[in-house]
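J.: This structure is in C-alpha cells; I'll ask about it shortly.
Just so you know, all these numbers are worked out from the coordinates, no wet-lab data involved. From a predicted model like this one, the values you see are computed outputs, not experimental measurements. Glycine gets a Cβ as well: all are built from the backbone with ideal geometry, and neighbour counts include every protein chain shown.
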Amino acid sequence: MVEVKVDTLELNMYIDGQWTKSSNNDMRSVINPATGEEIARASEGTVEDAKKAIQAARNAFDTGVWSEVPATERANFLLKVADKIDEHAEELARLETLDNGKPLREAEADIADAAACFRYYAGIVTKPDGETYHVADPMQAMVVREPVGVCGLIVPWNFPLLMSVWKLAPALAAGNTVVFKPSEVTPITPTKLFEIFEEAGLPKGVANMVMGAGNIVGDAITESPDVDMISFTGGTKTGKHIMKKAADTMKKVSLELGGKSPNIIFADADFEVAVDFALFGIYCGAGQVCSAGSRILVEESIYERFVNRFAERAKQIKVGSGLAEGTEMGPLVSQQHLEKVLNYIEIGKEEGARVICGGNRITENGYDKGYFVEPTAFVDVDQNMRIVQEEIFGPVAVIQKFRTEEEAIQLANGTKYGLAGAVFSNDGTKALRVIKKLRSGITWINSYHPTYNEAPWGGYKESGIGRSLGTYGFDEFQEIKQININLQVEPVQWFEK
Ligand code: NAD
C-alpha cells in the first residue's frame with residue numbers, strides 16, 4: 001500500500017469572477033478514499049451563496065457579455081481551455097485519483113477526454129446552424145438557435161472532471177451562463193477547471209461554481225425562477241426530485257441518471273473476448289460507472305465455463321491505491337458508499353444468491369483505512385432479486401443464464417432502467433437484431449464502454465431524459481426560435497376600414 005502525503009488544499013467557490021468563501025465560513029473535509037485522510041477542505045455553500053451565483057449568471061446572461069460575442073470568440077476560449085487542460089494533465093490526473101480513488105490510468109484517460117470534449121464543441125460552435133422554410137408568399141420563415149439562458153449544472157462524483165466538462169463545454173459553447181455544482185465528495189478537479197476558465201479570460205459572471213450539499217445548494221438552484229434550465233447527472237431518485245421541483249418554474253430539464261445495464265453473451269461469441277469485456281464492463285471504475293455492465297446474461301451452453309473463467313480472472317484483479325504502480329481497481333469513493341455496497345452484498349446473500357468471487361471488504365496490508373471491496377459476482381440469481389433490479393454502483397456483478405434469444409431480451413429489458421447494454425456474438429445479424437430490441441440509449445456489439453464526444457449519450461426509461469455529447473448534447477443547451485419575415489409590407493386588410 002502506497003502512502004500518499006499531500007498538503008491539504010483549500011478550495012473556494014467561484015462567484016461573479018471572485019474566489020469566494022461560504023457565507024457562513026463553513027468548510028467540508030474532502031477525503032482520499034484510498035487512505036481515509038483529509039486531502040482538501042472545501043467551502044460549503046449556502047442558499048445565500050447559491051442565490052449570489054444565480055444573480056451573477058442572470059446579469060451576465062441579460063447583458064449579453066457571452067451570448068452576444070462572436071461564435072469564433074467562444075470557440076477560441078474553448079480551445080484555450082483544452083490546451084490548458086493538456087498542459088496540466090499530469091497534475092489533474094493525480095488530483096482526480098486522490099479525490100475519487102480511480103487508478104491513475106483511468107484518470108489520465110478522463111483528463112484527455114475532457115480536453116477533447118472542449119475541442120469538439122469549439123468545432124461545433126462555428127458551424128452552420130438554423131434553417132429556412134418555403135412557406136406561403138410573401139412570407140419567409142427561418143429558424144435560429146439561441147442559448148437557453150442561465151443553466152444550473154449539477155454533477156456526481158464518479159467522473160468529477162469529465163462529467164463537469166460534458167455539461168460546461170456545450171453550455172458555454174452555446175452562449176449560456178451557468179451555475180455549476182460539483183459533487184460535495186469530489187470538488188478538486190472541478191475547482192481546477194474554474195481556475196483554468198479564469199486564466200483563459202472568461203468574462204465575470206458567465207461561469208459560477210457553488211459547492212455544497214444537494215438538498216441545500218442543489219435545491220436552491222432548481223427552485224430559482226432565474227434559472228432557465230437544469231442539466232443534472234446523478235441518481236434516478238435525485239433526478240425525480242429535481243424534475244418535480246423544476247416543474248414549478250417550468251424549467252427545461254436534462255437528466256442523465258442511473259443504470260443496471262445488461263451484457264448479453266451468446267455461445268457463439270469469442271469466449272475469451274467476451275470474458276475480458278465482461279470484467280471491464282463491471283469492474284472498470286470499481287463498478288462506479290453509470291453504464292456499467294452489471295447484469296451479465298450468458299447463454300446456457302457456455303454458462304458454467306463462463307462463470308468459472310470469469311471468477312478465475314476477477315480474483316486476479318489487482319486492487320489498491322489508484323496511485324500505486326500496477327493497480328487495476330481502486331477503492332470506492334467514500335465511507336458512505338462503501339457501506340451501501342457492502343449492504344447490497346449482504347442483501348444478495350440473504351436473497352439466496354451465491355458469491356463466486358469476492359464478497360468482502362479488503363482490510364489487510366494497510367487497506368483498512370481505505371474503502372476497498374473485492375471484485376464480486378453473484379450467481380443463482382433470479383430476476384426479482386434486489387441485486388438484479390437495483391443499481392449497486394460498485395464492483396458487484398450478477399451473472400444470469402438464458403436459453404433463447406427471446407429470453408435474453410426479456411431479461412435484459414426487465415428492470416426500470418434503460419441506460420446501456422451490449423451483445424457479444426459472432427453472428428452479426430443476430431447481434432444487431434438483439435441490440436435493436438434493447439430499450440437502452442447506449443449500446444455496443446462485441447465491445448463495452450467506449451464513449452465518443454461525437455455520439456449522443458443518455459438513457460431510456462428511468463435512466464433519464466435528453467442526451468449529452470454530440471450535436472444532440474449541444475441542442476439541449478439551445479432554444480429554437482422561428483422568425484417569420486414579410487417580404488411584401490402592406491396592410492393585411494383582415495378587418496374592413
Ligand atoms: P446523487 O444523485 O446522489 O448526486 C449527484 C449530484 O446531485 C451531487 O452533486 C449532489 O450533491 C446533487 N444533489 C443531491 N441532492 C440534490 C437535490 N435535492 N437537488 C439538486 N441536486 C442534488 O448521485 P451520486 O451518488 O453523486 O452519483 C451516482 C449516480 O450518478 C449513479 O446513480 C449513477 O448511475 C449516476 N450517473 C449517471 C450518469 C449518466 O450519464 N447517466 C453518469 C454518471 C453518474
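J.: If packing is taken as the mean number of other Cβ atoms within 10 Å per residue, what is the order of 158-170, 40-52, 390-402, 297-309, highest first?
T.: Values: 158-170: 26.8, 40-52: 21.7, 390-402: 24.4, 297-309: 17.8.
So the order, starting with the most tightly packed, is 158-170, 390-402, 40-52, 297-309.
J.: Residue separation times 0.36 nm, minus the C-alpha to C-alpha distance between residue 346 and residue 480: what's the value?
T.: 43.2 nm
J.: Apply the a/c threshold of 1.5 to the C-alpha gyration tensor of region 296-364 and tell me whether it is rounded, prolate or oblate.
T.: oblate
J.: Let me ask another. Would you kindly derive the ³J(HN,Hα) couplings of region 246-262 from the backbone phi angles with the Karplus curve 6.51 cos²θ - 1.76 cosθ + 1.60 (θ = phi - 60°), listing them in order in whole Hz, with x for Gly and Pro?
T.: With coefficients 6.51, -1.76 and 1.60, one gets 5, 5, 4, 10, 6, 6, 5, 10, 10, 10, 10, 10, x, x, 8, 8, x Hz.
J.: How much of the DSSP beta bridge set in the chain is antiparallel, as a percent to the nearest 5?
T.: Expressed as a percentage, antiparallel bridges in the chain total about 45.
J.: Further question on the same structure: In nm, to one decimal, how far is the modelled label at residue 198 from the one at residue 447, with both set 7 Å along Cα→Cβ?
T.: 4.0 nm
J.: Would you be so kind as to identify which of 306, 335, 264 lies farthest towards the positive end of the dipole of region 226-348, taking Lys and Arg as +1 and Asp and Glu as -1 on Cβ and the Cα centre as origin?
T.: 335
J.: Another question, if that's okay. Determine the shape class of the chain: with a ≥ b ≥ c the square roots of the Cα gyration tensor eigenvalues, call it rounded for a/c under 1.5, and otherwise prolate if a/b is greater than b/c, oblate otherwise.
T.: oblate
J.: Out of 111, 121, 17, whose Cα points farthest toward the positive end of the dipole of region 13-123 (charges: +1 Lys, Arg; -1 Asp, Glu; placed on Cβ)?
T.: Farthest towards the positive pole: 17.
J.: For region 1-106, what is Rg from Cα atoms divided by 2.2 N^0.38 Å, rounded to two decimals?
T.: Taking N as the residue count of region 1-106, the ratio is 1.37.
J.: Show me, for region 403-410, the HN-Hα J-couplings you get by feeding each phi into the Karplus relation (A = 6.51, B = -1.76, C = 1.60, θ = phi - 60°), rounded to Hz, glycine and proline as x.
T.: Per-residue couplings from phi come out as 9, 10, 4, 4, 5, 4, 5, 4 Hz.
J.: Follow-up. Please list, ordered by chain and number, the residues whose modelled amide H lies under 5 Å from the amide H of residue 294; skip anything fewer than 5 residues away on the same chain.
T.: Residues meeting the amide H criterion: 261.
J.: Students often get this wrong, so check it: of 245/369; 318/349; 318/437; 102/340; 192/340; 51/244, which have C-alpha atoms separated by over 27 Å?
T.: Pairs exceeding 27 Å: 245/369; 318/437; 192/340.
J.: Which of the three applies to region 325-430, rounded, prolate or oblate, going by the alpha-carbon gyration tensor with a ≥ b ≥ c and a/c under 1.5 meaning rounded? Please report the intermediate quantities before stating the final value.
T.: On the way: a/c = 2.30, a/b = 1.76, b/c = 1.31.
Here region 325-430 falls in the prolate category.
J.: Mind ordering 118-130, 279-291, 59-71, 216-228 by average Cβ neighbours within 10 Å, highest first?
T.: On the way: 118-130: 18.2, 279-291: 25.1, 59-71: 16.1, 216-228: 21.3.
Descending mean neighbour count gives 279-291, 216-228, 118-130, 59-71.
J.: Let me ask something else about it. Tell me which chymotrypsin sites (Phe, Trp or Tyr not before Pro) from region 405-497 have a DSSP coil assignment and no more than 14 other beta carbons within 10 Å of their own. Walk me through the intermediate numbers first.
T.: Values: sites: 417, 424, 444, 448, 452, 457, 460, 472, 474, 477, 494, 495; in loops: 448, 452, 477, 494, 495.
Here the chymotrypsin sites (Phe, Trp or Tyr not before Pro) that fit, given the DSSP loop and packing criteria, are 452, 494, 495.
J.: So what's the back-of-envelope 222 nm ellipticity for the chain, counting only DSSP H runs of four-plus at -39500 (n - 2.57) apiece and dividing by all residues, rounded to 500?
T.: Mean residue ellipticity, 222 nm, calculated: -11500 deg cm²/dmol.
J.: Also: Express the C-alpha Rg of region 78-211 as a ratio against the empirical globular expectation 2.2 N^0.38 Å, rounded to two decimals.
T.: So region 78-211 has a normalised radius of gyration of 1.23.
J.: Separate question: Which residue, 156, 395, 491, has the largest displacement toward the positive end of the dipole of the chain when charges sit on each Cβ (Lys, Arg +1; Asp, Glu -1)?
T.: Final value for the positive-end residue is 491.
J.: Using modelled backbone amide H atoms (1.01 Å from N, in-plane), which distant-in-sequence or interchain residues come within less than 5 Å of residue 207's amide H?
T.: 178
J.: May I pose another question? If one puts a single equal scatterer on every Cα of region 342-497 and applies the Debye formula without solvent, what log₁₀ I(q)/I(0) results at q = 0.11, 0.17 Å⁻¹?
T.: These q points yield log10 I(q)/I(0) values of -0.63, -1.13.
J.: Under the Karplus relation 6.51 cos²θ - 1.76 cosθ + 1.60, θ = phi - 60°, what is the ordered set of whole-Hz ³J(HN,Hα) values for region 320-328, x standing for Gly and Pro?
T.: x, 4, x, 8, 6, 4, x, 5, 10
J.: Taking amide H positions as placed 1.01 Å from N in the peptide plane, with prolines and chain starts having none, which residues 5 or more places from residue 357, or on another chain, fall under 5 Å of its amide H?
T.: Amide H neighbours of residue 357: 377.
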